[in-house]
Amino acid sequence: QVQLVESGGGLVQPGGSLRLSCAASGSIFGIAVMRWFRQAPGKQRELVAVITTSGSTNYADSVKGRFTISRANAKNTLYLQMNSLKPEDTAVYYCNAYISQVNYWGQGTQVTVSS
């Protein structure tokens with residue numbers, strides 16, 4: 001069973017930065033497509049960033065140029081560096097591992113961008 005635990009959320013002013021972390025329970029990055037999703041109040045969960053097993057990345061248009069997804073294989077940890085944050089980035093952010101057509105989710109971490 002894959003377990004994912006997010007951390008690093010919080011309250012930040014517009015224009016600020018945060019780095020989210022997602023600790024995985026084992027060495028899954030060689031077999032998992034890792035993704036960050038977010039869900040704002042009253043809205044559907046949306047895909048924010050993806051990193052494949054080969055290290056290729058892709059981003060939602062709304063965060064391109066501001067967010068960076070990365071991973072530290074030795075630490076079994078996924079990251080999302082978020083810069084130039086905007087109020088519309090406010091949401092619960094979820095880490096996701098997609099392995100053999102099965103989705104595994106973390107519990108989520110709240111990010112609030114407000115002055």
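Figures for the structure shown
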read-out	value
Simple label model, 7 Å out from Cα along Cβ direction - residue 88 to residue 27, nm	4.2 nm
Computed E for residue 54/residue 112 - FRET, C-beta separation, R0 30 angstrom, nearest 0.05	0.30
Over the stretch 35-95, volume per residue of the alpha carbon convex hull, in Å³	81 Å³
The chain - Rg and Dmax from Cα coordinates, angstrom	13.3, 42
Sequence-distant lysines (8 or more away, or on other chains) whose Cα lies within less than 24 Å of residue 86	43, 64
Dipole magnitude of the stretch 1-113, debye to nearest 20 (Cβ charges: Lys/Arg +1, Asp/Glu -1, about Cα centre)	100 debye
Principal axes of the stretch 1-43: Cα extent on each, largest first, Å	36, 23, 15
Separation in nanometres of the label points that stand 7 Å from Cα toward Cβ, at residue 101 and residue 45	1.9 nm
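Only the coordinates and a few stated rules stand behind these numbers; no lab work does. As the structure is a prediction and not an experimental result, all values here were calculated from the model. Backbone-built Cβ (ideal geometry, glycine too); neighbour counts: all protein chains shown.
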